[in-house]
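Chemist: Below you will find the structure I want to go over with you.
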Amino acid sequence: MGRLLVATSLVAAAITAQVGMASPASAMYSRCLNHVKNGGYVVGPKVYSACSHQATKLGWQWIPHPTCVTGLGNLRVPWAFAMDACSHAHG
């Protein structure tokens, strides 16, 4: 019974840690995901992967990460739309 309680506690702790770590990352690129979804594209694992590459702030504007733009481009998202979506991938 003791081992089962310890195992259950460890599993619960691991799940809690993952959920806690996933929330900030999701918030970071949710604007990118929403932009893609609002453009009529299906948002799946490959879009999540592309949008997870954070844009860089240069002066007053955000520069999209090249991996984000390429990832969306590989999904047949037009380049200009991908640039716009990826410029929203920041916290």
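Chemist: Could you order peptides 57-65, 44-52, 75-83 by the average number of other Cβ atoms within 10 Å of their residues, highest first? Each step should come with its number before you reach the end.
Modeler: Numbers: 57-65: 12.3, 44-52: 17.0, 75-83: 14.6.
Answer by packing, highest mean first, reads 44-52, 75-83, 57-65.
Chemist: Using modelled amide H (1.01 Å from N, peptide plane; none on Pro or chain starts), what sits under 5 Å from the amide H of Thr56, excluding residues fewer than 5 places away?
Modeler: Ile63, His65
Any read-out appearing in this document is the output of simple, stated calculations on the displayed coordinates, not a laboratory observation. Treat the numbers as computed from the prediction; the structure is a model and nothing was measured. With ideal geometry, Cβ positions are generated from the backbone for all residues, glycine too; neighbour counts draw on all protein chains shown.
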